[in-house]
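Input: a single structure, listed below in C-alpha cells.
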Protein chains: 2
Amino acid sequence: MKTVLVIGGGVTGLKAASELAGMGYNVSLVEKEDYLGGQVVKHKYYKLAPDLRPAGDVIDPVIKAVESNSNIKVHKHSRVVSVSGSAPEFKAKIKNSKGESEETFGAIVVATGFEHFDPIVKQEYGYGRFKDVVTNSEVEEMLNPNGPTKGELKRPSDGKVPKKIAIFQCVGSRDKQVGNPYCCRVGCVVSTKQAIEIKEKYPDSEVYVYYMDMRMFGRGWEELYGKAMEDYEVIFTRGRGAEVTLKNQQLSLRAEETIMDRPIQHSVDMIILAAGIAAGDGTIEAAKVLGIKQNDYGFLAPKDDFLSPNESSKAGIYIAGADKGPLDIENCIVEGAAVAAKVASNLKN
Amino acid sequence: MKTVLVIGGGVTGLKAASELAGMGYNVSLVEKEDYLGGQVVKHKYYKLAPDLRPAGDVIDPVIKAVESNSNIKVHKHSRVVSVSGSAPEFKAKIKNSKGESEETFGAIVVATGFEHFDPIVKQEYGYGRFKDVVTNSEVEEMLNPNGPTKGELKRPSDGKVPKKIAIFQCVGSRDKQVGNPYCCRVGCVVSTKQAIEIKEKYPDSEVYVYYMDMRMFGRGWEELYGKAMEDYEVIFTRGRGAEVTLKNQQLSLRAEETIMDRPIQHSVDMIILAAGIAAGDGTIEAAKVLGIKQNDYGFLAPKDDFLSPNESSKAGIYIAGADKGPLDIENCIVEGAAVAAKVASNLKN
C-alpha cells in the first residue's frame, strides 16, 4: 500500500494521519515545530468552548493516536522543501537540522492550519504600544495554570488583576481595510468563553464585549452566550472598537455603536483583542512548494468548493482544515477524517 | 469486504455511500422518499449561496456518483424497520411497498438530515392564516423556473408580484419558547441570497430583512452580505419579528428593534419566514429503531463531540450531517466523507 505525506501536525493533520493509518496506509507526518498539536499547544489552550472542557482531553488523545501508531512516521522540526512527480507518485524532499531526505508518496495532504492576524496592523488599537492591550491568545495562555501567569489574568504593565476588561471582536476580521473581509468564525465563541472564565475566577470583575454581530452558530454556542449574559452578567454591546488611548496610565476605549451612530467612551484596565484568522506562513510556503491554488486571502482553494472540498487544484494533492479558511477545532477534526476518505478512495481507483 | 447500510439519501448519505463504495465497500442506501437528494430536491433549490451556483451543478453529480456505482444498491421509498445484532454484524429489516427483506451489515451510517421548523407554531406570524406569509423553502420553490410559479415570486393570495417584501430571520431558531435555543446556521445566508435573487429579478422591489445578528460566517458569506447591501440595496434592520396582522387586505408587521427597544411598524406585500432547522421524523425514527442517543433537541448525539464526531452512542453505528444539528450543504458533503473514513478505519481494525 502506498505511503501518504501529511504536512502539518495540528488537529487536522493528526486526525488525517491516524485515519489513514487506520485504513492501512503508511503515513509520514511533517511538522515544522518541535511539537505536535498546532495552535492548541502553541497557545496553551486551557479550556474549549462550549463545554469548558479541558483542551488536553481533546488534543492529548489526538496526538497519542499518531505517536502510538507504528504506521505513522513523525518528522518534527522539519519542512517539505521540494516536491516533484505527479499523482500517484510524488517525490518529496524533507529537510530538518540533520539534513535532507527524499521519500516517495502516493498522495499529499496539506493541513498547515492558520495563524492569527497580527493586531499591530490596527495601530488605532494600541497593541504593541500599550502593554495592557493583549490578544485573546495571550489571555488563553494566562488562563492556563501551566502558563506564564499560572492561571491568573494579569495586566502586563503592573502584574495586577484587572477589574474592568473590554473585549474587542473582529480585530482583522470583517475588515476590508486590512484585506480580510471574511468572518473568523471563532472570535465570538472564544471571547464569550474567556469572559465566562474571567467572571468565574474574578466575580467582581466587569467584562464588556464590543461586537458587530454575535455569531454563536456552533453546537452549544448560543446556550453559552445566554449563560454569559444571564449567569455571569457579561455585558455585550453592539459596536465596533474604534480607538484605544492611554492617558495618565489609564486605558480608554472608543467604540462605534452601529445602530444609532452614537460613540461609546469607556475607561478600562485591560483590553483583549479577538484577533482574526489569516493564512499562515506554513500554508503560503506549502502552496508555493506544491504549486497549488490559493484564494484571494491566501488560503488554499479547493478544486470545487462543494464537490471536491478536500482536493487541491492539483491531482493527488489534498487540503483540509484551517488552511482552507477559518475553522473551529471540532470541524477541523471532521475535515481530517474527510480528507482521509478522499485520499483512500482515490488511491484505490 | 463487509456491506455498509446508509440510512438517508440526502447529500450527506449520498456522499458517504459513494466514498465507501470508492474504498471498496458494498453499500445499501435506504431512502424513505421515492427520490434521492433530500431537501435540495424536495424544495427544488435553484441556486446555492454564496456563488448563486445552480443547485443542480452540485446535487446532480452527487446523485449520479451513487446511481452509477455498481457497489451501491439503492432502496428508494423504503424504511429500516428493525435492527438486531451488534458491531460488526447487524441484521436490518428493510421495508417497502413490495415487502420486507433482511440483510446483514458490518456498519450502519445514519444520515437522515433535518426538517424545517413548522412556523405555524409561531401563531403571531400568521403563517397558515395569512396567505402571503410564506416560508423561505416556498420562496426557493417559486424562484426555480421548474417550480410551481415558473420562477416568478408571486403572492399566493392574488398571484401578483409583491413590491414590498419583508424577511423575518430566526423563525423557530434562537427561541427558547419553542424549545429551539440554537442557531439554524443557514437562515442568514439563505435570506441574503433570496433577497439578492428577488432584487435581481425585480429591481423595483423593496426587500427588508429583520435580524438579530447577521451570522455570515461561511465561505464567501460576508462578501455576499456586503453585495446585498451595496449592490442590491437590500435593507437590513436589526430587530426581531414580533407580529403580523392583516387589515383591509394589507399585511403589516411589527418588529422589535433590540438596541433601543423601539418598535418598528411596517406595511408590506409579502412576508418570508426563515424557518429554522429541527430534527426530522426520519432522525427520530432512526434513533428509536437503532437505540442511539439524541441530544436535548432530538438531534443525534455523537459519542464524543470532539473526538468521535461521527460515531453514535452505539459501536458500529455512525452519524453524519444535519441529523446531528443544523448544517449547510458544503459541510454536509464533508461530513459524508468523514463518516466514510471512520467506518473504513474501524472495519479494518
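Readers should treat all values here as calculations from the given coordinates under stated rules, not as data from a laboratory. This structure is a prediction, so every number in the text was calculated from the model and none was measured. Because the Cβ atoms are built from the backbone with ideal geometry, glycine has one as well, and the counts that use them run over all protein chains shown.
Treating the point 7 Å from Cα along Cα-beta-carbon as the label, what are the nm separations from A:Asn248 to the other copies, to one decimal?
When each copy's label point is compared with this one, the spacings are 6.2 nm.
Which of the GluC sites (Glu not before Pro) across segment B:148-212 are loop residues per DSSP, with 15 or fewer other Cβ within 10 Å?
Answer in residue order: B:Glu152.
When every alpha-carbon pair in segment A:65-156 is counted, what percent end up more than 17 Å apart?
70
If each of B:Val178 and B:Lys2 carries a label point 7 Å out from its Cα toward its Cβ, how far apart are those two points in nm?
Computed distance between label sites B:Val178 and B:Lys2 equals 4.0 nm.
Mind checking which aspartates and glutamates have their Cα closer than 16 Å to the Cα of B:Lys288? Skip sequence neighbours fewer than 8 apart in that chain.
B:Lys288 reaches B:Asp296, B:Asp323.
Can you give me the pair-distance distribution of segment A:43-98, C-alpha pairs, 10 Å bins, whole percents?
All Cα pairs considered, the percentages come to 18, 28, 31, 18, 5.
Give the separation of the Cα centroids, segment B:41-86 to segment B:237-287, in Å.
Cα centroid of segment B:41-86 versus Cα centroid of segment B:237-287: 31 Å apart.
Classify segment A:128-284 as rounded, prolate or oblate from the Cα gyration tensor: take a ≥ b ≥ c as the square roots of its eigenvalues, call it rounded if a/c is under 1.5, otherwise prolate when a/b beats b/c and oblate if not.
Since a/c stays below 1.5, the shape of segment A:128-284 is classed as rounded.
At A:Pro263, with labels set 7 Å past Cα in the Cβ direction, how many nm apart are the copies from this one, shortest first?
Ordered by distance, the counterparts are at 3.5 nm.
Could you state the orientation-averaged shadow area of the convex hull built on the Cα atoms of segment A:281-338, in nm² to one decimal?
3.9
So what's the gap between the Cα centers of segment B:100-133 and segment B:150-207, to the nearest angstrom?
Centre-to-centre distance over Cα atoms comes out at 19 Å.
Take A:Asp57 and B:Asp304, extend 7 Å from each Cα along the Cα→Cβ direction, and tell me the distance between the two endpoints in nm.
Going from the A:Asp57 label point to the B:Asp304 one covers 1.0 nm.
What's the angle, to the nearest 10 degrees (0 to 90), between helix B:221-230's Cα axis and the longest principal axis of chain B?
20
Before rounding to the nearest 500, sum -39500 (n - 2.57) across all DSSP H runs of length at least 4 in chain B and divide by the residue total; then give [θ] at 222 nm in deg cm²/dmol.
Helix contribution divided over all residues of chain B: -8000 deg cm²/dmol.
How do A:Asp281, A:Asp323 line up, fewest other C-beta atoms within 10 Å first?
A:Asp281, A:Asp323
Among B:Tyr297, B:Tyr211, A:Tyr208, which comes first, then next, by fewest other beta-carbon atoms within 10 Å?
B:Tyr297, A:Tyr208, B:Tyr211
Can you put B:Ile120, B:Ile319, B:Ile72 in order, fewest other beta carbons within 10 Å first?
If I rank by nearby Cβ atoms, fewest first, I get B:Ile120, B:Ile72, B:Ile319.
On the first, second and third principal axes, largest extent first, how far apart are the outermost C-alpha atoms of segment B:70-221 in Å?
Between the extreme Cα coordinates on each principal axis of segment B:70-221 lie 60, 36, 35 Å.
What's the percent breakdown of Cα-Cα distances in segment A:248-329 across 10 Å bins, shortest bin first?
That works out to 15, 33, 15, 18, 16, 3, 0, in percent per bin.
Considering only DSSP beta bridges with both partners in the protein assembly as shown, what is the antiparallel share in %, to the nearest 5?
If I count the DSSP bridges inside the protein assembly as shown, around 50 percent turn out antiparallel.
For peptide B:296-306, what's the mean number of Cβ atoms from other chains within 10 Å of each residue's Cβ?
Taking the mean over all residues of the peptide, I get 3.
Within 10 Å of each Cβ in A:199-211, how many Cβ atoms from other chains are there, averaged over the peptide?
What the average comes to for A:199-211 is 0.
At a 10 angstrom cut-off on C-beta neighbours, averaged per residue, how do the peptides B:88-101, A:100-113, A:57-70 rank from highest to lowest?
In decreasing order of mean packing, B:88-101, A:100-113, A:57-70 become A:100-113, A:57-70, B:88-101.
Which whole-number percent gives the relative contact order of segment B:1-131, counting Cα pairs below 8 Å spaced six or more residues apart?
Averaging sequence separation for qualifying contacts and normalising by length gives 30 percent for segment B:1-131.
Across 20 Å bins from 0, what is the distribution of all Cα-Cα pair distances for the protein assembly as shown, in whole percents?
18, 50, 30, 3, 0
Restricting to Cα pairs below 8 Å that are 6+ residues apart, what does the relative contact order work out to for segment B:116-276? Please round to a whole percent.
Reported as a whole number, the value is 30 percent.
May I ask for the Kirkwood hydrodynamic radius of segment B:122-181, worked out over all distinct Cα pairs and given in angstroms to one decimal?
Result for segment B:122-181 stands at 12.9 Å.
On a straight-distance basis, which lysines could pair with A:Lys199 in a cross-link, Cα separation under 27 angstrom, same-chain partners fewer than 8 positions away excluded?
Within reach: A:Lys42, A:Lys44, A:Lys47, A:Lys131, A:Lys150, A:Lys154, A:Lys160, A:Lys163, A:Lys164, A:Lys227, A:Lys247, B:Lys176.
Report, to the nearest 10°, how far helix B:281-290 tilts away from the longest principal axis of the Cα atoms in chain B, using its own Cα long axis and a range of 0 to 90°.
Its long axis makes an angle of about 20 degrees.
What do you get when you divide the Cα radius of gyration of segment A:139-224 by 2.2 N^0.38 Å, with N the number of residues?
1.19
Output the 0 to 90 degree angle, nearest 10, between the alpha-carbon long axis of helix B:187-201 and the longest principal axis computed from the alpha carbons of chain B.
Taking Cα atoms only, the helix is inclined about 60 degrees.
Starting from segment B:209-298, pick out the GluC sites (Glu not before Pro) whose DSSP state is loop and whose Cβ has at most 16 other Cβ atoms within 10 Å.
Here the GluC sites (Glu not before Pro) that fit, given the DSSP loop and packing criteria, are B:Glu233, B:Glu257.
Placing a label point 7 Å from Cα toward Cβ, how far apart in nm is A:Asp158 from its equivalents in the other copies, listed shortest first to one decimal?
Copy-to-copy label distances at A:Asp158, shortest first: 7.0 nm.
How big is D, in µm² s⁻¹, for segment A:1-99 by Stokes-Einstein at 37 °C and 0.692 mPa s if Rh is the Kirkwood radius over C-alpha pairs?
230
Calculate how large, on average over all directions, the projected area of the Cα convex hull of chain A is; give the answer in nm² to one decimal.
Averaged projected hull area, Cα only: 18.0 nm².
Quote the relative contact order of segment A:1-70 in percent (integer), defining contacts as alpha-carbon pairs under 8 Å separated by 6+ residues.
Rounded, it is 34 percent for segment A:1-70.
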